[in-house]
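To start, the structure under review is shown below, and the notes come after it.
The values are calculated or read from the model by the stated rules, or taken from the named source; none is laboratory data. As the structure is a prediction and not an experimental result, all values here were calculated from the model. Ideal geometry is used to build each Cβ from the backbone, glycine not excepted, and the neighbour counts take in all protein chains shown.
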Amino acid sequence: MIPAAGFGRRMGADMPKQYLPLDARSVLEVTLARFIGLPGLQGAVLALAPGDTVAPAMLANFADFPLFFAEGGATRSASVRAALQFLVDQLGVSEQTWVMVHDAARPCVRGDDIMALLNVMSAAEAGGLLAIP
């Protein structure tokens, strides 16, 4: 799940952070590309701001990776909650299924780190957090 409904007001840009250019793509495209092709990941739900048509058009070139769009909320936590509800209500995902959450405006995550977290979490009974001290 990728929360992408924020506006990045503190940053002061004229567009949401996830749509800023980075290496000839948007931050959102770079972030999403970090997850595509990793074993065990079956697709992504992006929580978007109501009425956002930019992300679906921008991500059309990711057609080989299942993408779903949910309406996000006024806060990050509301967006995550809405995307979780979308998984259950629209995609039939069990409430007991593990879900990864990664912010759209954090493109520097590495595939090796994601896989390390998934490997550790495969035997865990609680959630996990990927962080570098």
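In region 102-116, the residues that are part of a loop (DSSP other than H, G, I, E, B) reach residues that are acidic (Asp, Glu) with C-beta atoms within less than 9 angstrom, at least six apart or across chains, in these pairs: Pro107/Asp23; Pro107/Glu29. Taking region 36-49, which residues are over 17 Å from Val93 (Cβ atoms), modelled with pLDDT under 95 and in contact with a strand residue (DSSP E or B) (Cβ under 7 Å, 6 or more places away or on another chain)? Within region 36-49, none qualify. The residue list Thr97, Thr75, Thr31 contains one member that is hydroxyl-bearing (Ser, Thr, Tyr) and in contact with a strand residue (DSSP E or B) (Cβ under 8 Å, 6 or more places away or on another chain), which is Thr31.
Within region 5-26, the only residue that satisfies the criterion of being in contact with a Pro (Cβ under 8 Å, 6 or more places away or on another chain) and either outside any loop (DSSP other than H, G, I, E, B) or free of Cβ contacts under 8 Å to residues at least 24 places away in the same chain (or both) is Leu22. With the structure loaded, tell me whether Ala60 is hydrophobic (A, V, I, L, M, F, W, C), at pLDDT 95 or above and more than 12 Å from the chain's Cα centre (by Cα) or whether it fails that test. Answer is no for this residue.
If I ask for residues that are of a type outside the set (D, E, K, R) and surrounded by 14 or more Cβ atoms within 10 Å (Cβ to Cβ), which ones from region 74-88 would you list? Break it down into steps so the answer makes sense when it comes.
Narrowing region 74-88 to residues of a type outside the set (D, E, K, R): 74-75, 77-80, 82-88.
Answer for region 74-88, where residues must be of a type outside the set (D, E, K, R) and surrounded by 14 or more Cβ atoms within 10 Å (Cβ to Cβ): Ala78, Ser79, Val80, Ala82, Ala83, Leu84, Phe86, Leu87.
Of all residues in region 22-53, those satisfying the criterion of being in contact with a helix residue (DSSP H, G or I) (Cβ under 9 Å, 6 or more places away or on another chain) and surrounded by fewer than 17 Cβ atoms within 10 Å (Cβ to Cβ) are Leu22, Asp23, Arg25, Ala33, Ile36, Gly37, Leu38, Pro39, Gly40, Leu41, Gly43.
Residues that are within 21 Å of Arg25 (Cβ to Cβ) and in contact with a helix residue (DSSP H, G or I) (Cβ under 8 Å, 6 or more places away or on another chain) within region 66-79 comprise Leu67, Phe68, Phe69, listed in sequence order.
Assess whether Ala70 counts as being buried (at least 18 other Cβ atoms within 10 Å of the Cβ), free of Cβ contacts under 8 Å to residues at least 40 places away in the same chain and touching a Phe, Trp or Tyr at 6+ places or on another chain (Cβ under 9 Å). Yes.
Over 15 Å from Ile2 (Cβ atoms) and either surrounded by 17 or more Cβ atoms within 10 Å (Cβ to Cβ) or not basic (Lys, Arg) (or both): which single residue out of Pro133, Pro56 fits that description?
Details: Pro56 fails: over 15 Å from Ile2 (Cβ atoms).
Going through Pro133, Pro56 in turn, just one is over 15 Å from Ile2 (Cβ atoms) and either surrounded by 17 or more Cβ atoms within 10 Å (Cβ to Cβ) or not basic (Lys, Arg) (or both): Pro133.
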